[in-house]
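What follows is one structure encoded as structure tokens, with my remarks underneath.
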Amino acid sequence: MAITRKNNKEKNPPTAETILKGRSVSKGIAIGEAVCLYGVKRQFYRIKLKNNEVEREIKRFRAALRLARLRLKKISAPAQSNSSSILDVQFLMLEDPSLINKIETLIRSQKVNAEWAVKEVSDKYLEAYKAIQDDYLKERYIDLEDVTERLMGALEGGVHSSLPLSDKTIVIAKEIKPSTMVEILNGDVKGLVTESGGWTSHSFILAREHGLPSATGMKNVLRQIKTGDTLVVDGNNGIVHVNPPEKKMKEFSALQAAISKPGQRSKLPQKIKTLDGREMIIRVNSDTAINYLEAKKLGAKGIGLFRSEFLANRERGFPTEKTQLREYTHIANEVGKDGVCIRTFDIGVSQAFDEFEEKEKNPALGLRAIRLVLANENIFRTQIRALLRASYKKDVNIVLPMISDVAEILRAKKIIVEERKALRAKKINIGKPKLGAMIEVPSAVLMAAEIAVEVDFLSLGTNDLVQYLLAVDRDNENVADWFRTLHPAVLRSVKYVLEAGRKYKKPVMVCGEMSGSPVYCVILIGLGATELSMSVKAIPRVTEVLTQVSAKDAGAITKKLLGCRSASEAEAMVRAEFHCKWPHLFDLEALPKPRSI
Amino acid sequence: MLEDKVLIVNQLGLHARAAAQLVHLANSFKSNIKLQRSDNRGVADAKSILSVLTLAATKGTELLIAVEGPDEKSALAAIKDIFQKGFGEV
């Protein structure tokens, strides 16, 4: 990688152009404004405050300090041993006058957000600690890292704040975690630039699928690009132009217009059908009405997945019945008779409660989703009441996340019946929401028939299913090569669930990345799927593909895939068959590449 | 202002737990308490755990204590005492 700086010879250049060279990971050209993400564990950003916001930020920081101390007190109270002396050190750090003073000074002098100031100041200390010769003393930087983490957590109120993304955003980061990537794809960003992450990294696979121009291999990218910089990402050559002169911008705009696909969007068919006439229902995964309305324009019918936990994130705690009712009613009004499937809170215990500061070893296998709300029934009952009320004369449906056993459904149903009775007794208007179960745990796949009998519909969550079935954490770059959506075990599981649905006449909706991918959606058709739910961004391309393949052809290829002995075999087959059968639809670049495993 | 010198005698030096003890003690006085390495390689505010830890004071390090304030006499005595007793580890 090389960096060349040259003076800008345009007439009124605000800054000189910088050109960064790296590698291409997803083709296309993106023009927009940089938003830098910092941190690996927490991805956050720098905000420049207005003069009148500074004091508010100081207050916010002090409140976070109090919250962090309070949380620390809660976990240190019972222990009186070694561990409490470690926590004592951390407690003193949270009270440290020079630390607090330095952070507040930085907020005031640089007019930056508290997160940024905390990070800057603690980084300076960490540098000093790491320079210490004595190993034992040196190790104390871990405590400071911990304290910084606590402060950051407190500033967020314990849950992730959402990213400040707009339709002009180009995201800049050291690397992008797939979970952050999913959030990015739910928005409407233009491109990605990172320091690391390989061609096969999950985030870039997603970027390619969504046609998001991306470049990587930019050393020290966060020092080269600042939030607010104007960027051109040339994903074809792996080059980023930072603050390019206007003339160059125009050239790129023209180039961008030339390579973007010819508009086929002028007239949308009323029904989306495959070449041989199988009708497909496309829904959108959306938590907002704006997103939904955009999807509707693209032909989507209703919301297939409304992630209610975003309310918990926004409200920094579980929302009240009233708040939930208002939100659900609002979205139901917008969606109308096409309907919305609201998934009950899908969050883990450490996200949900402050006192669970001590992290679960395996949160993905821990107390989360349906387990969490059944263990804390009041949360579930509140949500059910809000959903029952919101469904009055409206098409609101309930989806239960992370079902692993029929018993969970039976218990949920019992609670729903009880709450229904109680609301009726109070003469409160309620509706009749349909009940669905997420199939995303392998045990639920094997029990799909029994589960189908108990519910009105099934939702196949392919992201989690792949993770659980193949025992692969998709956020873990080390095992990226083991995350194989085309693994025959995944395909057979999907088929099994679709068949169970058909047998008991219960609709099966496939949500998750698989349905939003132009390649995988063909395979889903081949497996017999008729309902797909995906992000707004994915709809145009998936629709384009769906309407140009026949279910029969897809079925023939899928049949062969189901007989494959390994993921590699299946991937190679997809690459060869798709390219041969539909060369006009699939560029070789966008098809699975051979991997080492 | 009062000043005096102390030597770190405990095996682990001014490590986390010892530093915490020191900061707690310093906080119980009104006076300003400064610690300076005799080799001039660092100064710390005894009420700030982070600055005490950055002293990186291992066994055998000599520190200069400087105390100024209304209760400086008792503060200096108490601080000296805790160092001499090796933070209860000797």
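The values are calculated or read from the model by the stated rules, or taken from the named source; none is laboratory data. No experiment lies behind these values; they were computed from the predicted model shown. Neighbour counts are summed over all protein chains in view; Cβ atoms, including those assigned to glycine, are modelled from backbone coordinates with ideal geometry. Ligands, DNA and RNA are excluded from the accessible area calculation, which covers all protein heavy atoms including side chains. Shrake-Rupley method; radii C 1.70, N 1.55, O 1.52, S 1.80 Å.
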Condition set among the charged types (D, E, K, R) and more than 19 Å from the chain's Cα centre (by Cα), scope region A:519-541, selection least open to solvent (accessible area, probe 1.4 Å): answer is A:Glu531
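Yes/no matrix, rows are residues, columns are (1) at pLDDT 90 or above; (2) under 32 Å from the mean Cα position of the chain (by Cα):
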position: A:Leu99; (1), (2): yes, no
position: A:Glu104; (1), (2): yes, no
position: A:Ser109; (1), (2): yes, no
position: A:Ala117; (1), (2): yes, yes
position: A:Ala128; (1), (2): no, no
position: A:Ile132; (1), (2): no, no
position: A:Tyr136; (1), (2): no, no
position: A:Tyr141; (1), (2): no, yes
position: A:Glu145; (1), (2): no, yes
If we keep only residues of region A:503-518 that are within 14 Å of A:Ile539 (Cβ to Cβ) and touching a residue at least 60 places away in the same chain (Cβ under 8 Å), then the residue surrounded by the fewest Cβ atoms within 10 Å (Cβ to Cβ) is A:Pro518
If we keep only residues of region A:211-242 that are assigned to a loop (DSSP other than H, G, I, E, B) and among the β-branched types (Val, Ile, Thr), then the residue least open to solvent (accessible area, probe 1.4 Å) is A:Ile225
- [ ] For A:Thr485, indicate whether it is open to solvent by 10 Å² or more (accessible area, probe 1.4 Å), β-branched (Val, Ile, Thr) and under 25 Å from A:Lys271 (Cα atoms).
- [x] no
**Message:** Given the criteria over 10 Å from the mean Cα position of the chain (by Cα) and crowded, with 16+ Cβ neighbours inside 10 Å, does B:Arg41 qualify?
**Reply:** no
Over region A:545-567, the set of residues open to solvent by 40 Å² or more (accessible area, probe 1.4 Å) and either among the hydrophobic types (A, V, I, L, M, F, W, C) or part of a helix (DSSP H, G or I) (or both) is A:Lys552, A:Asp553, A:Ala556, A:Lys559, A:Lys560
Counting only helices (runs of 4 or more DSSP H) entirely within chain B, those with at least 1 residues that are within 12 Å of another protein chain (Cβ to nearest Cβ) are B:16-27, B:49-54
Counting only helices (runs of 4 or more DSSP H) entirely within region A:282-375, those with at least 1 residues that are at pLDDT 85 or above are A:289-297, A:309-315, A:321-335, A:369-375
Determine whether A:Ala386 is at pLDDT below 90, open to solvent by less than 10 Å² (accessible area, probe 1.4 Å) and either part of a helix (DSSP H, G or I) or of a type in the set (Val, Ile, Thr) (or both). no
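Among residues belonging to region A:427-483 that are among the acidic types (Asp, Glu) and part of a helix (DSSP H, G or I), point out the one that is nearest to A:Leu305 (Cα to Cα).
Among those residues, the one meeting the criterion is A:Asp464.
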The helices (runs of 4 or more DSSP H) lying entirely within region A:95-142 that contain at least 3 residues which are more than 9 Å from chain B (Cβ to nearest Cβ) and either closer than 14 Å to B:Ala56 by Cβ or in contact (Cβ under 8 Å) with a residue 24 or more places away in the chain (or both) are A:97-110, A:114-130
For A:Leu163, the lone unmet condition from (1) modelled with pLDDT under 75; (2) farther than 24 Å from A:Arg71 by Cβ; (3) within 10 Å of another protein chain (Cβ to nearest Cβ) is (3)
Filter region A:583-595 for residues that are in contact (Cβ under 8 Å) with a residue 40 or more places away in the chain and among the hydrophobic types (A, V, I, L, M, F, W, C); the one that is most open to solvent (accessible area, probe 1.4 Å) is A:Ala590
